[in-house]
1. Using only Cα atoms, find the angle between the long axis of helix 195-208 and the longest principal axis of the chain, and express it within 0 to 90 degrees, rounded to the nearest 10.
2. Measure nothing fancy, just the Cα-based angle from helix 331-344's long axis to the longest principal axis of the chain, in degrees from 0 to 90, nearest 10.
3. Using alpha-carbon pairs under 8 Å, 6+ residues apart, how would you state the relative contact order of the range 14-145 in percent?
4. What FRET efficiency do you get for residue 433 and residue 307 if R0 is 30 Å and r is their Cβ-Cβ distance, rounded to the nearest 0.05?
5. What angle, in degrees between 0 and 90 and rounded to the nearest 10, separates the Cα long axis of helix 299-312 from the longest principal axis of the Cα atoms of the chain?
6. Taking N as the number of residues in the range 137-193, what value does Rg over Cα atoms divided by 2.2 N^0.38 Å take?
7. Please order 137, 401 by the number of other Cβ within 10 Å, starting at the fewest.
8. Determine, for 123, 279, the number of other Cβ atoms within 10 Å of each Cβ, and report the residues in order from fewest to most.
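The numbers here are math on the coordinates, done by the rules we state, and not lab data. Keep in mind that what you see is a predicted model, and the values were worked out from it rather than measured. For neighbour counting, all protein chains shown are included, and Cβ atoms are generated from backbone atoms with ideal geometry for every residue, glycine included.
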Amino acid sequence: MLRNLPQVDAFVSLERFKSQWGSYPRIVKAYIETYGCWLNKAESLIIEDLLEREGVEIVSSIEEANLIIINTCAVRRETEEKIFKRIEELEGLRSRYGFKLVITGCLANLRPYTISLKAPEAHIIGPQSLERIGEVIRAEGRIVDAILKPTERNILPCRSPSPVVHIVPIATGCLGRCTFCVGPIVRGGVRSYPPEAIVRNVKEAVTRGAKIVVLTAQDLASYGRDRGTNLVNLLEEILSKVEGGYFLRLGMMEPSLLKEFLDGIIEIYGDNRVFKYLHLPLQSGSDRVLKLMGRRYTFSTFYEIVKEFRRKFKELNFVTDIIVGFPGEENEEFEETINALRCLEPDKVHVARYTPRPFTEASLAPQVPEVEKKKRSKLLSKLVSEIAFSRNKKLVGTSRIGVVEEVRDKGIARLYNYKKVILLGGKYGLGDIKPIKIAKATPIDLRGYA
């Protein structure tokens, strides 16, 4: 949100530029606001690259911009409502100052009509059409491209969000048909980037100094299904062809797909350059609820995957996701989820109350009362905080290899299993890979010295 709205003359007016230069300004300054996941962050970086090819200057302050781009997320209703409020706010400013407004990301495909009502002059460009973003600069009229269509993905981000962190989207879309998710509606099936392009992108980033390379997708485990390959083959190629001191951080993987190449992926995790970090979404500990959700595994299958990882990697940083109050979830099923988490002992859990999403099967089912969702969410959040604190305390007094990710008032490091450490002192520089002494634990992070 804009806490302090700009004064009347704070924005550079496109109309003023038009009168001076012709059909569009010679100097375009773009501000990009990003919501949502790692994939969205990566695609915002791609947008920046595409705009710079058009001679656009990327600015970090919205008051400097005459082109404002909102990269949206459609996963949850609360996020959607927040973004719609933001769009209305920006449309009010646009009508006064004359800048161009572009809405992209998942909401562009899911809610183009609603966006048009709230911002009639805004350009709407779905994530499948990012390559068209440069057309906005020259367009006299409005561009609306919100029709999901198969698109070959070839453009990867040249820039990084920080000198030592680089994000590489390896695919978009998924193979699932979960009854609660709009992903298939707004992103479609899996479209993987060519492996040679990914390897080249990682190599270039490491050459520039990247120490943490984040591989992201809606579902990392689905990579290559459209190309006759898989994630293990891609990772083998990256690790064999990209030398240097860096860590790969693997994003979320769908359990049923991961199980198909479990032995291979565990072997990959044995490489010192791969963070011992596993993001595997459970969603529910009840097999009946998992079936209602359209998930393609049982709790028993899920547990065996985690058990095998932890057998090989004792300090695995295991992260999962839980939806509480899914339609049809009774108290007994919620208790099964509680028992499942006690059994799994995850290091971190993203707990989300179910919210109906448009055009999904679950949105049409009888809903769990909101008061019950809040009650279950509170109980679960307390439990997972206790589990996380217990697991983090096991590292107190130890020394583990980590990489310094940020250097501000206090530095931030990531251990070899991607656990976050707030640095309380020591000698360190950005990107240093060195032992980190753990002195203290909290439920959400560790505290230590470099």
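1. Relative to the chain, helix 195-208 is tipped by roughly 90 degrees.
2. Compared with the principal axis, the helix lies near 70 degrees.
3. On the way: 200 pairs, mean separation 31.9, N = 132.
Contact order relative to length: 24 percent.
4. Details: r = 30 Å, r/R0 = 1.00.
For R0 = 30 Å, the calculated efficiency reads 0.50.
5. Helix 299-312 sits at roughly 80 degrees to that axis.
6. Working: Rg = 15.2 Å, N = 57, 2.2 N^0.38 = 10.2 Å.
Ratio of Rg to 2.2 N^0.38 Å for the range 137-193: 1.49.
7. On the way: 137 17, 401 14.
Fewest-to-most Cβ neighbours within 10 Å comes out as 401, 137.
8. Numbers: 123 23, 279 18.
Starting with the residue having the fewest Cβ neighbours, the order is 279, 123.
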